[in-house]
Amino acid sequence: MTDQTRGVLYPERLPRFTRVAPAPAAADLVAWFWIPEWQLPDGVVSRQEVLPYPAANLVVEPDGVTLWGPATRYTERELTGSGWAVGALLRPAAFSRLAADPSSLVDRSLLLDAAELPAVIADVMPGGATAAAEVLERWLAVRVGERTGEARLANAMADLLMTDPAILRVEDAAARLGVSVRTLQRLAHRTVGLPPAAMIRRRRLQEAAQRVRDDPGVRLAEVAAELGYSDQAHLAADFRTVLGITAGSYRRSASGRE
């Protein structure tokens, strides 16, 4: 399983955070469940900044259920007081059944009609994160229903684009899956909402941010070469465009030097 802090820009700011793997029967619907719980003193604010996976999230909170489409930039949220959430990082097979048009939810969210779900999850939260994830897992299985051949191909596409460092171009992924580039692009549009090239770029930037944060001595040029960027300038531009800061500024802030 991918490191749970990948994409989290400042892991030390995380509240109590649990990641739960789906049961085998639901592994084609959910990559993992994530459950943060927090109880902060009065006046204390915890700012969470994330470079999200290019995927949708289903999030249950005490006041409702929200389907969040894939984000094209980093996201942030300020936590105060006490609270919890139960989220599911959705695989394309699930997202394409919950959203009529996944591309319309890029950088957007949709409230779902699932009024009973928050109360049911709240009832089992004292039993732990696994119990809460199981409730959401069962709800998803019923809501999504039978998986199609296209859904399974979309899952294979997402796995390849987001986990295989050898995939640097859309053509590489298409060849590996035995489909045309155009077929792959249409599949990504229908089931993820983002172009496959954007998914590759996000994987590389997540990995670059993690390297820069965790290895103070690594040079940006070395990271760029390892991750398939044409040169250091292209990696630096990705940092500025998506995160709004330079790689050097991020390294200093992540290490507490600014």
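Of the numbered conditions (1) small (Gly, Ala, Ser); (2) touching a Phe, Trp or Tyr at 6+ places or on another chain (Cβ under 9 Å); (3) under 26 Å from His189 (Cα atoms), Ala99 satisfies every one except a single condition; which is it?
(2)
Just checking, which of Leu117, Leu110, Leu177, Leu140 is closer than 30 Å to Leu243 by Cβ and surrounded by 14 or more Cβ atoms within 10 Å (Cβ to Cβ)?
Leu110
With respect to Ser82, determine if the residue is surrounded by fewer than 14 Cβ atoms within 10 Å (Cβ to Cβ) and farther than 27 Å from Met157 by Cβ.
yes
Step by step: first the residues of region 207-258, then only those that are touching a Ser or Thr at 6+ places or on another chain (Cβ under 7 Å) and surrounded by 14 or more Cβ atoms within 10 Å (Cβ to Cβ), then the one that is nearest to Gln48 (Cα to Cα). Which residue is that?
Per the criteria, the residue is Phe239.
Among the residues of region 41-49, are any at pLDDT below 95 and within 24 Å of Thr130 (Cα to Cα)?
yes
Kindly check whether there is at least one residue in region 189-210 that is under 18 Å from Ala173 (Cα atoms), of a type in the set (S, T, N, Q) and modelled with pLDDT of 90 or more.
So far as region 189-210 goes, yes, one or more of its residues are under 18 Å from Ala173 (Cα atoms), of a type in the set (S, T, N, Q) and modelled with pLDDT of 90 or more.
Tally the residues that are touching a Lys or Arg at 6+ places or on another chain (Cβ under 9 Å) and in contact (Cβ under 8 Å) with a residue 24 or more places away in the chain, restricting the search to region 224-258.
So the answer is 13.
To keep it simple, each residue is scored yes or no on (1) over 20 Å from Gln206 (Cα atoms); (2) at pLDDT 95 or above; (3) surrounded by fewer than 16 Cβ atoms within 10 Å (Cβ to Cβ); (4) more than 15 Å from the chain's Cα centre (by Cα).
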position: Asp3; (1), (2), (3), (4): no, no, yes, no
position: Val59; (1), (2), (3), (4): yes, yes, no, no
position: Glu76; (1), (2), (3), (4): no, no, yes, no
position: Leu90; (1), (2), (3), (4): no, yes, no, no
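Could you run through region 131-158 and say how many residues are closer than 23 Å to Phe17 by Cβ and at pLDDT below 95?
Going through region 131-158 one residue at a time, the tally reaches 0.
Among the residues of region 201-209, is there at least one that is touching a residue at least 40 places away in the same chain (Cβ under 8 Å), farther than 30 Å from Arg97 by Cβ, in a helix (DSSP H, G or I) and over 14 Å from the mean Cα position of the chain (by Cα)?
Yes.
List the pairs whose first member sits in region 19-43 and is without any contact (Cβ under 8 Å) to a residue 60 or more places away in the chain and basic (Lys, Arg), whose second member is surrounded by fewer than 19 Cβ atoms within 10 Å (Cβ to Cβ) and in a loop (DSSP other than H, G, I, E, B), and whose Cβ atoms are under 9 Å apart, counting only residues at least 6 apart or on separate chains?
Sorted first by the residue in region 19-43, then by its partner, the pairs are Arg19/Met1; Arg19/Gln4.
What number of residues within region 155-174 are exposed (fewer than 14 other Cβ atoms within 10 Å of the Cβ) and not in a helix (DSSP H, G or I)?
Number satisfying all stated conditions: 3.
The values are calculated or read from the model by the stated rules, or taken from the named source; none is laboratory data. Values in this document were obtained by computation on a predicted structure and should not be read as measured data. As a convention, Cβ positions derive from the backbone with ideal geometry for all residues, glycine included, and neighbour counts pool all protein chains shown.
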